[in-house]
Amino acid sequence: MTERFDAIVVGAGQAGPALAVRLAKAGGKVALVERNLFGGTCVNTGCVPTKTLVASARVAHVARTAAAYGVDIGGRVTVDMRKVKARKDGVVEASRQGVERWLRGTEGVTVIRGHARFADPKTLAVEGARFAAERIFLNVGGRPSAPPIEGLDAVPYLTSSTMMDVDFVPEHLVVIGGSYIGLEFAQMYRRFGAEVTVVEMSPRIIPREDAEVSEAIREVLAQEGVAIHTSAQCISVAKDGKGVVLGVDCDQSLPAVRGSHLLVAAGRRPNTHDLGLEAAGIETDPQGFIPVDERLETRVPGIFVLGDANRRGAFTHTSYNDYEIVAANLCDGADRKVSDRIPAYALFVDPPLGRVGMTEAGGAQVRPSGPGGEASDVARRARARARRDRGLHEGAGRRRDETDSRRRDTGHRGRRGDPRAHQRDERAPALHRVAGGGADPSDRRGAAADAVRGPAPARRGNPLPHEPSPQRPSTCPA
Ligand SMILES: Cc1cc2nc3c(=O)[nH]c(=O)nc-3n(C[C@H](O)[C@H](O)[C@H](O)COP(=O)(O)OP(=O)(O)OC[C@H]3O[C@@H](n4cnc5c(N)ncnc54)[C@H](O)[C@@H]3O)c2cc1C
């Protein structure tokens with residue numbers, strides 16, 4: 001027998017729960033199917049745990065560099081990773097439970113546990129049962145993927161997901177991937193006390209950023225003792241006793257990189273391979289993403305894709321904004337398009353990098369109109385700050401050789417006392433509080449999300465700022 005709903009949402013990531021609740025509150029009979037952990041990637045293995053760990057790492061860093069602030073903490077700073085992990089687990093658990101409680105407590109929402117797979121364009125099979133709806137919303141997210149690297153299959157390695165189980169400080173963490181995820185882990189574990197080496201195939205880290213921004217971040221990380229190998233075109237991996245050894249160039253002329261643990265943070269792929277898409281008549285692109293139109297609908301009418309799996313964003317706030325677009329169009333008679341969204345995101349190294357708009361290389365950049373809005377200016381100021389800070393701490397003045405990890409400094413060196421540091425300290429937990437324990441988990445948003453979403457008054461209550469249009473009647477939920 002097939003149970004009928006007005007709408008079915010697959011995945012309790014960053015868009016699905018908010019959409020399910022919105023449609024149910026509009027009077028719909030809505031099913032939400034989740035096969036694993038409520039809250040998806042962001043809550044369980046992404047933003048929330050990593051930012052919680054970043055906060056712990058920053059405390060260690062500030063404590064370690066306290067003398068530069070004129071503060072005597074009277075002893076060596078040590079990190080108890082089991083406690084760090086326990087704190088992280090607590091924050092994640094609260095957030096996950098919040099999402100589940102919210103869904104189960106909303107009248108009109110039926111939570112179904114299990115893996116959803118299309119039986120036909122209007123029907124999903126879940127654990128032997130069948131559920132049908134005129135509208136199906138996929139918020140299935142993604143998972144870590146590893147690029148083809150010689151020898152990788154034969155060595156144990158960590159991913160951004162399995163890093164969440166680590167409750168010790170690796171002696172030497174080698175990170176393959178010098179982009180957003182890899183760099184956050186690199187600085188964090190350096191601050192926890194590990195030797196860290198980042199291996200990046202491109203000529204510079206975070207290659208999607210403008211060159212000067214990459215360079216500014218590289219300097220900040222190098223200053224703290226993170227070794228960085230760029231242009232690692234031919235990476236190979238092998239076991240080395242209890243650890244790993246990496247070849248980093250094609251002719252093996254550069255010294256190999258040795259480490260105790262390997263983290264592969266070099267890509268993610270969408271969870272679309274096991275959705276039975278062929279039964280719905282949906283094709284993916286070669287990387288597995290599902291093509292959608294400007295309103296996030298697939299070529300099959302009534303099937304929408306929100307979040308990372310549609311390739312229109314790869315962040316919590318873009319996924320949530322997908323929900324806003326779909327809900328506004330269906331329920332408020334709006335005509336919102338995903339291409340109206342201004343790209344905005346943050347890289348949570350410390351100091352963090354925030355971007356709004358495209359890169360200079362990527363085309364027309366959204367620039368502040370006043371002086372100092374140039375990307376090069378921002379990078380110059382970050383570098384100036386890094387230079388100013390150099391020399392304050394242990395091992396001051398030593399420069400890292402990018403291609404030789406044997407010359408790695410062992411002392412942690414950090415930034416000069418910054419009068420605004422306490423403001424950052426207060427902001428970070430505030431973000432986690434919202435993420436973890438807000439009364440309404442739909443309000444789970446970061447600063448970058450605010451940039452996408454617009455002014456504060458639109459945030460509370462109905463989060464959709466668009467007036468209904470008389471030309472476009474509401475089709476919510478039916
Ligand atoms: C280490 C890391 C750090 C990150 N940090 C940040 C950050 O600081 N800021 C930021 O904005 N973004 C960050 N991100 C990205 C962010 O986590 C994702 O962009 C965000 O979670 C959006 O995901 P989503 O809504 O598309 O789906 P997800 O959150 O991935 O959720 C998808 C859900 O669908 C479920 N599912 C999948 N297939 C099925 C099926 N067939 N049946 C039933 N259920 C299914 C899954 O179990 C999962 O719960 C980070 C990501 C990682 C990995």
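Give the separation of the Cα centroids, region 222-262 to region 309-340, in Å.
If we compute the Cα centre of each part, the gap is 41 Å.
Cα-Cα pairs above 21 Å in region 118-214: how many percent?
Details: 2474 of 4656 pairs.
Cα-Cα pairs of region 118-214 separated by over 21 Å account for 53 percent.
What lysines does K239 reach when the alpha-carbon gap must be under 28 Å and sequence neighbours fewer than 8 apart in one chain are set aside?
Reachable lysines: K85.
What is the calculated FRET efficiency for S474 to D89, with r their C-beta to C-beta distance and R₀ = 41 Å, to the nearest 0.05?
On the way: r = 42 Å, r/R0 = 1.02.
Plugging the Cβ-Cβ distance into 1/(1 + (r/R0)^6) gives 0.45.
Can you sort F38, F131, F168 so the residue with the fewest Cβ neighbours within 10 Å comes first?
Details: F38 25, F131 22, F168 12.
Ranking F38, F131, F168 by Cβ neighbours within 10 Å, fewest first, gives F168, F131, F38.
Roughly how compact is region 220-344, stated as its Cα Rg over 2.2 N^0.38 Å to two decimals? Walk me through the numbers on the way to the answer.
On the way: Rg = 21.2 Å, N = 125, 2.2 N^0.38 = 13.8 Å.
My calculation over the Cα atoms of region 220-344 gives 1.54.
Within 10 Å, count the other beta carbons around each residue, average over each peptide in 334-344, 254-264, and list them highest first.
Details: 334-344: 15.7, 254-264: 20.5.
In decreasing order of mean packing, 334-344, 254-264 become 254-264, 334-344.
Below 8 Å between Cα atoms, with a sequence gap of 6+, how large is the relative contact order for region 64-179 in percent?
Details: 51 pairs, mean separation 25.5, N = 116.
Worked out over region 64-179, it gives 22 percent.
Anything over 31 Å Cα to Cα? Flag those among K88/K337; K25/K83; K25/K122; K25/K337; K51/K122, in the order listed. Mind showing how you got there, number by number?
Details: K88/K337 36 Å; K25/K83 40 Å; K25/K122 22 Å; K25/K337 23 Å; K51/K122 38 Å.
From K88/K337; K25/K83; K25/K122; K25/K337; K51/K122, over 31 Å: K88/K337; K25/K83; K51/K122.
Which order, highest average first, do 296-305, 11-20 follow once you tally other Cβ atoms within 10 Å for each residue and take the mean per peptide?
On the way: 296-305: 19.5, 11-20: 30.0.
Listed from highest to lowest mean packing, they are 11-20, 296-305.
Calculate the FRET efficiency for E171 and E283 from the Cβ-Cβ distance with a Förster distance of 35 Å, rounded to the nearest 0.05. Could the numbers behind the result be given before it?
Numbers: r = 46 Å, r/R0 = 1.33.
Approximately 0.15, to the nearest 0.05.
Suppose R0 equals 41 Å; then what is the FRET efficiency for D251 and R208 from their Cβ-Cβ distance, rounded to the nearest 0.05?
0.90
Could you calculate the contour length gain from C234 to E3, that is, 0.36 nm times the residue separation minus the distance between their Cα atoms, to one decimal place in nm?
77.9 nm
Using packing as a proxy for protection, rank 68-74, 97-103, 152-158 so that the peptide with the highest average count of other Cβ atoms within 10 Å comes first.
On the way: 68-74: 11.1, 97-103: 19.6, 152-158: 14.6.
Answer by packing, highest mean first, reads 97-103, 152-158, 68-74.
In terms of modelled amide H atoms, which long-range or inter-chain residues lie less than 5 Å from the amide H of A344?
For A344, whose amide H was placed from the backbone, the distant partners under 5 Å are G357.
Order these by the 10 Å Cβ neighbour count, fewest first: H115, H317, H273.
Details: H115 16, H317 26, H273 11.
Fewest-to-most Cβ neighbours within 10 Å comes out as H273, H115, H317.
Taken together, the values in this text are just the output of simple stated rules run on the coordinates, not laboratory data. Fair warning: this is a prediction, and the values are worked out from it, not measured in the lab. Note that each Cβ is placed from the backbone with ideal geometry, even for glycine, and that neighbours are counted across all protein chains shown.
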